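These notes concern the structure reproduced below.
The values are calculated or read from the model by the stated rules, or taken from the named source; none is laboratory data. Keep in mind the model is a prediction, meaning the values are calculated, not measured. No Cβ is skipped: glycine too gets one built from the backbone with ideal geometry, and neighbour counts run over all protein chains shown. The accessibility values were calculated without ligands, DNA or RNA, using every heavy atom of the protein model including side chains. Shrake-Rupley method; radii C 1.70, N 1.55, O 1.52, S 1.80 Å.
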Amino acid sequence: SSGLRWVAFAAASPTTFLAGADFKELGALDAEGAYAFSAMGQSFFGRLRQSRLWLVACVQGACMGGGLDFALSCDYRIASPAAKFYHPGPKLGLFTGWGGTAALPRRSGRAFGALLAGEVLPAREARAAGWIEELASDPVKRAITRAKSSSRLDLARLKRLRRAQGLPLSVAL
């Protein structure tokens, strides 16, 4: 629909938002397959970032690995206080092909250290590190409130300006 402006992503499970890759599946890939898998993920997340829609990750529970890559590709992240964030790649000797290990260090020094150490960050620490923008007991309800309050904003233009200027989203909204 041309009137669609926001898309909120949430999991049906209260314990896991997105967990990322299946290591058995990844282990079965040869070099060409691994390259194609990486390219597919980068292309998908690139399309998310370029979308005219405002994409919101509503995180409850665990958000790790490729799931964190997905959340970072969204325009805004709202997490419940019980959410936990983690990127196991560096601890396993892996640099993900979908962008999380590249995106997190750009968010803050704390995020970079947590990434390299393979730390699990509780939601409050993830907020302080810049991994998420907002905490809410009901992330989906908060996303709906945000969507309603932005009815007069040109979100596509805001996304372009934010990318070009590096504005924090709290300032942009």
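Mind checking which residues of the stretch 46-61 are crowded, with 19+ Cβ neighbours inside 10 Å and in contact with a Leu (Cβ under 8 Å, 6 or more places away or on another chain)?
Residues satisfying the conditions are 54, 55.
I'd like to verify a number: residues in the stretch 31-45 that are in contact with a Gly (Cβ under 8 Å, 6 or more places away or on another chain) and open to solvent by less than 40 Å² (accessible area, probe 1.4 Å), how many?
Residues that pass the stated criteria total 3.
Taking the condition open to solvent by 20 Å² or more (accessible area, probe 1.4 Å), aliphatic (A, V, I, L, M) and in contact with a Ser or Thr (Cβ under 7 Å, 6 or more places away or on another chain), does residue 28 pass?
When the stated conditions are applied, residue 28 does not pass them.
Of the residues 50, 60, only one is farther than 21 Å from residue 93 by Cα and at pLDDT 85 or above; which? Let's see the steps before the verdict.
On the way: 50 fails: at pLDDT 85 or above.
When all the criteria are applied, what remains is 60.
Tally the residues that are free of Cβ contacts under 8 Å to residues at least 40 places away in the same chain and among the small types (Gly, Ala, Ser), restricting the search to the stretch 4-50.
Number of matching residues: 8.
Exactly one of (1) over 13 Å from the mean Cα position of the chain (by Cα); (2) among the charged types (D, E, K, R); (3) at pLDDT 90 or above is unmet by residue 24. Its number?
All conditions pass for residue 24, except number (3).
Of all residues in the stretch 99-130 being at pLDDT 85 or above and not charged (D, E, K, R), which is farthest from residue 63 (Cα to Cα)?
Only one residue tops the list, namely 128.
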